[in-house]
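Please treat every number below as a calculation from the coordinates, not as lab data. From a predicted model like this one, the values you see are computed outputs, not experimental measurements.
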Amino acid sequence: MRIAFIAGNWKLNKTRPEARALVEALKPLVANAKAEVAVCPPFTALETVGALLTGSNIRLGAQNCCHEPSGAFTGEVSPPMLKDLGCDYCIVGHSERRQYFGETDEGVNKKAKALLAAGIKPILCVGETLAQREANETEKVVERQVCGAYAGLSAADALQTVVAYEPVWAIGTGRNATPQQAQDAHKFIRGLLAKLYDQATAGAVRIQYGGSMKPSNAAELLSQPDVDGGLIGGASLKAEDFAGIVNAAP
Ligand code: PGA
């Protein structure tokens with residue numbers, strides 16, 4: 001059985017006082033959650049938020065990392081540094097990083113390996129643009145991204161990962177994928193994992209949906225058989241909205 005996993009991607013939001021207020025409001029609202037819960041604040045708030053999460057049921061994640069553990073990489077933050085701050089998870093290959101910061105499938109793969117080496121679970125993001133969906137290229141694009149992300153990873157490695165299917169056209173647009181569209185893509189991704197590894201591994205990896213998930217559409221999306229949680233952007237910035245999604249998880 002896969003336990004639903006709901007993670008909040010705060011993106012480029014929240015100073016430390018704002019982060020503190022959000023986490024303090026969130027903790028009691030999700031204290032009895034059946035789902036696993038994580039928040040992914042910006043680097044600058046990780047230590048503050050991590051300290052507040054000690055002893056709670058909310059895990060800490062980062063939004064990005066360097067592919068190297070240390071060295072001459074000005075401006076970067078490495079997986080061992082994130083581990084030191086208490087991160088259990090790190091988002092990798094978010095579409096905004098692919099779009100604005102030139103992240104490639106090869107780069108995503110290197111970051112995944114660096115995170116696994118540091119004992120952090122990568123949340124590997126994949127998803128097609130609107131143009132790609134309209135050109136019937138969704139499966140081709142997602143297959144390239146999934147195979148790229150998992151290149152050289154063992155089945156044991158794969159069991160430490162989470163996939164986030166995030167159709168780019170649904171991110172921050174208010175236009176979520178329909179539950180059927182999400183289910184179709186998730187089933188396809190699970191099939192890819194079965195081909196890369198085996199049925200047991202594919203059946204154990206959690207696949208989150210991301211893209212305009214909110215309290216009003218969460219239950220229906222999360223009830224799909226291959227939708228194992230959500231990666232939440234906008235709605236993770238308000239405690240009540242994020243908790244509404246967390247508590248909608250089966
Ligand atoms: P959204 O973002 O929930 O604001 O659409 C999701 C994401 O980018 O992870």
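Hey, what number do you get for the chain at 222 nm if only DSSP H runs of n ≥ 4 count, each worth -39500 (n - 2.57), divided across all residues, to the nearest 500? Roughly -13000 deg cm²/dmol at 222 nm, from the helical runs in the chain.
Once whole DSSP H runs in the chain are found, which of them have Cα atoms spread over 20 Å or more along the helix axis and a mean Kyte-Doolittle score of at least -0.5?
Values: long enough: 16-30 (21 Å, 0.14); 179-196 (25 Å, -0.41).
What comes out of the filter, once short or polar helices are dropped, is 16-30, 179-196.
Output the pairs from K34/K121; K27/K195; K27/K110; K14/K83; K140/K238; K187/K214 with a Cα-Cα distance over 31 Å in this structure; if there are none, say none. Numbers along the way, then the final one.
Working: K34/K121 20 Å; K27/K195 39 Å; K27/K110 34 Å; K14/K83 21 Å; K140/K238 35 Å; K187/K214 22 Å.
In this structure, K27/K195; K27/K110; K140/K238 exceed 31 Å between Cα atoms.
For the pair the stretch 70-134 / the stretch 181-249, the C-alpha centres are spaced 19 Å from each other.
Shape verdict for the stretch 29-147, please, from the Cα gyration tensor: rounded (a/c under 1.5), prolate (a/b greater than b/c) or oblate.
Numbers: a/c = 2.31, a/b = 1.38, b/c = 1.67.
Verdict is oblate for the stretch 29-147.
The radius of gyration of the Cα set in the stretch 5-233, together with its Dmax, comes out at 16.7, 48 angstrom.
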